[in-house]
Every structure is written in C-alpha cells, then in structure tokens.
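Just so you know, all these numbers are worked out from the coordinates, no wet-lab data involved. Quick caveat: nothing in here was measured; it's all calculated off a predicted structure. Every residue, glycine among them, receives a Cβ derived from its backbone with ideal geometry; neighbour counts consider all protein chains shown.
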Amino acid sequence: MSDRKTSSSRPTKSNTPTGRSPRKLGGRTGGFGPHGPPKDPERERRADTPRRDKPEPDRPVLRKRGERSTTPKPKRAPATNQPPRRRKRRPAEEVTEQIIETAGRRGPYFLNELEAAADAYANDRDREAVRRLRPLRVAMPQIAAIRELLGLGQYRLGNYRAASAELKAFFELTDSVEQHPVLMDCARAQRRWRRVGALWEELSANPTTPEIMYEGRIVAAGALGDQGRFDEAIALLERKAAPVRKPKIYHLRLWYALADLHERAGNFAAARILFRRVKRFDKFFVDVDTRLSMLH
C-alpha cells in the first residue's frame, strides 16, 4: 500500500487462503500493505432535500362474504434488486486435506473454526478472526494457510511484529512471495528500512502477479519517502506510472502514491497532473478530490 499516513491507497483484496476481501483505504490496515481497494463513500442527504415521508397505509376495505377483491396485488421486486446471499467461505480442498490428515478426529472442528475465522476476517471482525486462529496455529503450526490468515489479521490490528512472524513462517512453508508487500509494510511501520529493501529485492527477483508487484513497489517507495529520499521514491514509481486506457485499481493506487510524493517534494504541478488522472477514472478514490482542490 506512499506515505503511511497520507499517501497510502490501501489488501486489493487481501489474499487469504479461503477467499479475498476488500479493505479500507488510507491508514495502514488492509489489503497489500496499506493499499486495498476503496469502499464507496457514504452519500449524505443534502439539508435542502425534502424528506420523503412514508404514506399512511390504506384502511382495510370490508367486503361481503364471497366477494372478490378488486385491489391489484403488489408486484414483487425483481430478483436483481435483492442483495446477494453471503456464501460461507470454505478452505481450499488442499487445506482441508491437510487439516483432516493432521488433526484426525478433531479435524472437522478445526475446519469449522478456520471457516468461521475466514468469514470474520472477510467481514472486518479481525479480533474474532485472530482469537479463533491462535489455537489452530498452536495445534497445527505447519499449515501455511493458518499462518497466512493469522498474519493478515494481526496486520490489520496493527500488531506488526506478530504479523511479521506469521507471514515469515508462511513464506518459509510455501516459498510464496504473495504476502511480501504486507511483510514490507510491517517492516516499514517498525522503521526497519533495510528489511523493507531486502524484501523488495526478494520480491523483484521472484515476479508474480502485476497487482502484487505494484503493491510492493508502492510500499518500497513509501519507505523511501518516509526517509526523505523523495527523488529515489519518485523514480521507483515513475517506472510504472505511464498512462493506460483502462487502468486497474493498482494503477490508480500507484498514481495516487506518486502524486503524494510529488506534493511532499514540492512538485505541485506534477502532483496536480497525477491527481487529475486518478480523478478522471474514479472521482471518489480516497480523498483525491480534496487533495486536488488544495493544490489549486
């Protein structure tokens, strides 16, 4: 997920072993580092907008026995207007087999606990998720999916040291750099600059999806900006900052982070151009409208 306090555009969906869930933007909780997709802003009712009062219900019409009603039956709302049913998040088949093989008779109980923890994490109940996952980690420390989800939950709660330990174990068990951007942001929060750089080099040497690579680049640049090394931070982001016709969410996050770095470095014209580019595609992205108005 760019300055940790002002420039972050926070976990895309955060990778979990049982599903991916969007998180808040701004601050340092969610998604890859502080860079998850933004939630839609709440729309406030204008003070001068008249309130629509509910109509009074019609009085019941008394009919004679056997007389048929002439009042048309209300039409049901189309199914597309109904909110989607929430599906229970289940572990991947491979994870299920690992837990059953490891836990034996207690396997079904542990599976239910993991499903409940994943559901809690997906719905922003991070403390509940961590509480349910801790006993599973003690009983089955070799299950990478448990270590990963517990690390992400600790990260959201701001427990960066604990999150680093779990996500480091996840990497050692899987050799996957999928959560390296989160590991980098944990190190950044603890001002462990060399650790951030080492993780970024490791991620760069093992390229994965564009989303993860962009997130790692944003966190690495944010760490350089935290140290006042704005020229290096800007150069790191500008390598991937070219305009695209149909940008993904990680493009917007990188442009926003780069605009913030330009503003902090005193390059206000460059910051305006980038903030305008972000607003052109998503006028509700973080606080881009406010940031742009302050530069006029």
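Okay, here's what the table says:
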read-out: Additional length obtainable on full extension of the chain from N267 to Q142, 0.36 nm per residue less Cα span; value: 40.1 nm
read-out: Loop trypsin sites (Lys or Arg not before Pro), the stretch 221-296, which have at most 11 other Cβ atoms in a 10 Å radius of their Cβ (DSSP); value: R239, R245, K283
read-out: R131 versus R191: modelled label distance in nm, points set 7 Å from Cα along the beta carbon direction; value: 3.4 nm
read-out: Protection proxy ranking of 105-114, 179-188 - average other beta-carbon atoms within 10 Å, highest first; value: 179-188, 105-114
read-out: The stretch 137-296: Rg to Rh, with Rh as the Kirkwood radius over Cα pairs; value: 1.02
read-out: Pair H296, N206: separation of 7 Å Cα→Cβ label points (nm); value: 4.8 nm
read-out: Separation of the T102 and F284 label points, Cα + 7 Å toward Cβ, nm; value: 4.0 nm
read-out: Length gained when the stretch K240-S176 is fully extended (0.36 nm per residue, less Cα-Cα span); value: 20.7 nm
